[in-house]
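The values are calculated or read from the model by the stated rules, or taken from the named source; none is laboratory data. Worth saying up front: this structure is predicted, and the values here are computed from it rather than measured. Neighbour counts are summed over all protein chains in view; Cβ atoms, including those assigned to glycine, are modelled from backbone coordinates with ideal geometry. Accessible surface is based on the protein model in full, side chains and every heavy atom, while ligands, DNA and RNA are left aside. Shrake-Rupley method; radii C 1.70, N 1.55, O 1.52, S 1.80 Å.
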Amino acid sequence: MTYRSPFRAKSRQTTEYKKKGNWKLGYHTGVDRVCDTDIILVACTDGTVTRVNSCGESYGNHIVFRTDDNRSILYAHM
């Protein structure tokens, strides 16, 4: 499956997958990206939004996206 950026404008990665030092698991369990100019997010691949929620300081406003190949993707800190 091919994944595309959730941003329409150029973005940059701020934290890599499995970066050492996560406070709970010992490593970062995702990839963090930021875009300074585009506030509209798009789906990174074909699928369905399964949850929209707010979770205080841990994830903030976030959604869970289920891909057509049955993977879950979390868009957090929005």
*Relative contact order (%) - criterion: Cα under 8 Å, at least six apart; region: the chain*: 24 percent
*Once all Cα-Cα distances of the chain are split into 5 Å bins that start at 0, what whole-number percent is in each one?*
3, 14, 21, 26, 24, 11, 2
*So, with +1 on the Cβ of K and R and -1 on the Cβ of D and E, and no other charges, what is the size of the charge dipole of the chain about its Cα centre, to the nearest 20 debye?*
220 debye
*Residue farthest toward the positive end of the dipole of the chain, with Cβ of Lys/Arg at +1 and Asp/Glu at -1: which of Asn61, Leu41, Gly30?*
Gly30
*Using modelled backbone amide H atoms (1.01 Å from N, in-plane), which distant-in-sequence or interchain residues come within less than 5 Å of Thr45's amide H?*
Arg4
*Provide the packing ranking of 27-36, 47-56, i.e. peptides ordered by the mean count of other C-beta atoms within 10 Å per residue, highest first.*
27-36, 47-56
*Quantify, in whole percent, the carbon and sulfur part of the accessible surface of the chain (1.4 Å probe; protein heavy atoms only).*
49 percent
